[in-house]
Amino acid sequence: MSTRRNMAFLALITTAALALTACGSGDPEAVGAAGAKPGAKSALPTNDVVSAIPEDQAAAKLLPADVRERGTLTIASAVATAPGAAFLEDGRTPVGLDIDIADATAKVLGLKLKREVASFEAILPALGSGKYDLSTGNFGVTDERRATLDFVTYINDGQGFAAREDSELKEITDLTQLCGLTVATGAGTTFEASLAKNVGRCKDAGKKPYEVQTFSDPGAQWISLQQGRSDVAMSTINGLRYAVTQQPNVKFLNEFKRLDVGFAFKKGTALAPAFQAAVNRLIKDGTYAGILKKWGVEPSAIETSQISPPEKK
């Protein structure tokens, strides 16, 4: 995903120039955004919750010997929107929940991460080829993905819906409620897969099928919704909740399905036990709670990290 496209999305999400100024205090109310929804908290927090984290030797010993000796791993990060991951106004510095969790976990393991920004749909196939050691990008753990990848969970997020304020939609509890509508969602996501899997149910119910519009660029997805070219957006719960506070004339409808979210690895990775131990260390010492509080996603907390758990039904 290009820097230009990411910056375009960040500008869109407040319907004007969102002031993503690095705020040393980390106070999200310290910088206002011209044209943002009244009362919106527009500045991305930049308070440091990572640098003081000490290495945990017990967790680090679970790493493969060659990784410990090398001391670095390559991580692919999908950077699209807060609170998961977004760019500051320099267009180069990624910040967000995924960024902090990954950096904190690396600190526990005594590792340095070489981060590469990549588009969501390109990351998972690249893991299998060995291009990256691991990745973040709000990757939901599904049974289909577990067949070819390993995961180490660090939050619970999932699928939700948003629509324009003038929409008659209030809550979506079944995908057949989308019949006859146009749904905007991200390319290569669990949302796209769920919609594709269930579209036939409209025909079975004697209704017109819904149309799915997929976007690699989140900014284009929101433009489609705002301009009326789509009727509803399907995306992450946390991402939607944030987005509707930052732009006018849109509303969060409801949570649809919760999913565990985790670091993604090549199937059979030897890194998973160490990363699981590191996340659990962060949970135990309170650092994890501090990171989630920074990004306002405390309801997504997990009690313990798991390796490739079964999909939540």
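How many residues, within segment 92-150, are more than 27 Å from GLY219 (Cβ to Cβ), assigned to a helix (DSSP H, G or I) and touching a strand residue (DSSP E or B) at 6+ places or on another chain (Cβ under 7 Å)? So the count comes out to 2.
Checked against (1) under 16 Å from THR142 (Cβ atoms); (2) more than 17 Å from the chain's Cα centre (by Cα); (3) part of a loop (DSSP other than H, G, I, E, B), SER167 passes all but a single condition, namely (1). Quick check: is even one residue across segment 228-244 part of a loop (DSSP other than H, G, I, E, B), under 21 Å from LEU97 (Cα atoms) and at pLDDT below 95? Looking through segment 228-244, none of the residues is part of a loop (DSSP other than H, G, I, E, B), under 21 Å from LEU97 (Cα atoms) and at pLDDT below 95. For first residues located in segment 91-115 and over 20 Å from TRP295 (Cα atoms), partners that are surrounded by fewer than 24 Cβ atoms within 10 Å (Cβ to Cβ) and of a type in the set (D, E, K, R) and lie 6+ apart or on another chain with Cβ distances below 6 Å form the pairs VAL108/ASP56; VAL108/ARG281; GLY110/GLU55.
Among the candidates ASP231, ASP285, which residue alone is acidic (Asp, Glu) and either at positive phi or crowded, with 17+ Cβ neighbours inside 10 Å (or both)? Give the steps one after another, and end with the answer.
Numbers: ASP285 fails: either at positive phi or crowded, with 17+ Cβ neighbours inside 10 Å (or both).
Answer to the selection: ASP231.
Whether any residue in segment 255-271 is over 16 Å from THR136 (Cα atoms), part of a helix (DSSP H, G or I) and hydrophobic (A, V, I, L, M, F, W, C) is what I want to check.
Initial filter on segment 255-271 (over 16 Å from THR136 (Cα atoms)): 255-258, 268, 270.
Now restrict to residues that are part of a helix (DSSP H, G or I): none.
Among the residues of segment 255-271, not one is over 16 Å from THR136 (Cα atoms), part of a helix (DSSP H, G or I) and hydrophobic (A, V, I, L, M, F, W, C), which makes the answer no.
Test GLU303 against the criterion of being within 16 Å of VAL152 (Cβ to Cβ) and of a type in the set (D, E, K, R), and give yes or no. Against the criterion (within 16 Å of VAL152 (Cβ to Cβ) and of a type in the set (D, E, K, R)), GLU303 qualifies.
Only one of the numbered conditions (1) assigned to a helix (DSSP H, G or I); (2) out of contact with any Phe, Trp or Tyr (no Cβ under 7 Å at 6 or more places or on another chain); (3) of a type outside the set (A, V, I, L, M); (4) crowded, with 16+ Cβ neighbours inside 10 Å is not met by CYS202, and that is (2). Could you say whether any residue in segment 24-44 is in contact with a Cys (Cβ under 9 Å, 6 or more places away or on another chain), at pLDDT 90 or above and crowded, with 21+ Cβ neighbours inside 10 Å? Within segment 24-44, none of the residues are in contact with a Cys (Cβ under 9 Å, 6 or more places away or on another chain), at pLDDT 90 or above and crowded, with 21+ Cβ neighbours inside 10 Å.
The values are calculated or read from the model by the stated rules, or taken from the named source; none is laboratory data. Not measured: the values here are computed from a predicted model. Every residue, glycine as well, gets a Cβ built from its backbone with ideal geometry; the counts of neighbours run over all protein chains shown.
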